[in-house]
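Accompanying notes for the structure given below.
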Amino acid sequence: MYFSIIIPLYNRPQEIKELLETLVLQTYKQFEVLVIEDGSVDDASEIVHSFADKLDVKYFVKENAGQGFARNFAFERAKGDYFIIFDSDCLIPEDYLQIVNDSLARNYLDAYGGPDAAHPSFTPIQKAISYAMTSPFTTGGIRGMKKGIGQFHPRSFNMGISRQVWEKAGGFIITRLGEDIEYSIRIHSMGFKIGLIPEAKVYHKRRTDFYRFYKQLHFFGRARINVYKFFPNELKLVHFFPAVFTLSLLFTIVSNIFQWRIAWLCNFILAFIILLIFFHAWSKNKSAKIAFLSLIASFIQLIAYGLGFMQDFWKRVILKIS
């Protein structure tokens, strides 16, 4: 099978260099790479072209329109039987394409997604953020676990679609705010076979500090409501959990300030959650420091997502403001 690897890029030249270096090492060689510079000021032209003798890489520049439409731009120019989408802040294990090719040969999928993990070279904060984004206690397992909650929806940091999907479903119809979730649901609705390839992991660097992580997760919370506007039935109870957690945390703080009788129960539940996340993160990373940072990252994730979710739920669902 011949793969077209598609990477939208916006002002991240160093990231694309690290990603392309991992693609050079792929054991499976039947692929091309399409890098779409989406109106960047700090472009990566020189870096990408330096890989011309190592990869079949094509570099395109277009006006900024968001990552969803940048991927569409690449779909229209890709030659592969299968299109694979990566975020520019990913590192790809050298056997990734071989794993995907073998898996599709055994059990063909019209579209697939893979999980993400923390690379040993990541900083402690990056490892903590990776934990928060993959833990069953913060995501419910919906981002690539074998036994996640609800229907599996591939995410665009690690996602593949067949040419047939592209020809029938087209590309992304929104460019931000949950564009990959909307696309996955639409592919499902057309009867295509979608699944997880658990071994097809990538190392996703995500944000490098907690402030930017907060902003990203607040955006994700808003994105879930944007997807709801397209597919109302896809808003599940699990998506309300961060908002419930955020409101419960606020209630716990208020109950302690005013010394309500229920405060002891709120404190007990909060302490249980803290210990559960801390020791689970410790078991995963074998580091008390990363476990502590993972606890902070988990609270940031839940609160940021919850606030973004509540903001747009109130605005777009209750008040019906577009």
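Tally time: how many residues in the stretch 257-275 are in a helix (DSSP H, G or I) and either among the hydroxyl-bearing types (Ser, Thr, Tyr) or surrounded by fewer than 14 Cβ atoms within 10 Å (Cβ to Cβ) (or both)?
Residues meeting the conditions: 10.
Is there any pair with a first residue in the stretch 92-113 that is under 19 Å from residue 156 (Cβ atoms) and part of a loop (DSSP other than H, G, I, E, B) and a second that is modelled with pLDDT under 95 and polar (S, T, N, Q) whose Cβ atoms are under 9 Å apart and which are 6 or more apart or on different chains, and what are they?
none
Table: residues versus (1) in the same structural domain as residue 284 (by TED's automatic domain parsing); (2) more than 27 Å from residue 318 (Cα to Cα); (3) at pLDDT below 95; (4) part of a helix (DSSP H, G or I).
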site: 128; (1), (2), (3), (4): no, yes, no, yes
site: 150; (1), (2), (3), (4): no, no, yes, no
site: 154; (1), (2), (3), (4): no, yes, yes, no
site: 168; (1), (2), (3), (4): no, yes, no, yes
site: 176; (1), (2), (3), (4): no, no, yes, no
site: 181; (1), (2), (3), (4): no, no, yes, yes
site: 212; (1), (2), (3), (4): no, yes, yes, yes
site: 239; (1), (2), (3), (4): yes, no, yes, yes
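In the stretch 289-322, which residues are among the polar types (S, T, N, Q) and either buried (at least 21 other Cβ atoms within 10 Å of the Cβ) or on the phi > 0 side of the Ramachandran plot (or both)?
Scanning the stretch 289-322 gives 294, 298, 301.
Could you check the stretch 298-318 and list, in sequence order, the residues that are in contact with a Lys or Arg (Cβ under 9 Å, 6 or more places away or on another chain), under 30 Å from residue 120 (Cα atoms) and either free of Cβ contacts under 8 Å to residues at least 40 places away in the same chain or of a type outside the set (Phe, Trp, Tyr) (or both)?
304
From the list 300, 318, exactly one residue is modelled with pLDDT of 95 or more and among the aliphatic types (A, V, I, L, M). Which is it?
After applying the criteria, what remains is 300.
Kindly provide the set of residues from the stretch 100-126 that are touching a strand residue (DSSP E or B) at 6+ places or on another chain (Cβ under 8 Å), closer than 30 Å to residue 81 by Cβ and aromatic (Phe, Trp, Tyr), ordered by number.
112
Can you tell me which residues in the stretch 64-91 are part of a helix (DSSP H, G or I) and charged (D, E, K, R)?
Selection gives 71 alone.
For the stretch 307-322, how many residues meet the condition of being more than 24 Å from the chain's Cα centre (by Cα) and of a type in the set (Gly, Ala, Ser)?
So the answer is 1.
The values are calculated or read from the model by the stated rules, or taken from the named source; none is laboratory data. On a predicted model such as this, the values are computed, not experimentally measured, just so you know. Positions of Cβ are backbone-derived with ideal geometry, glycine not excepted, and every protein chain shown enters the neighbour counts.
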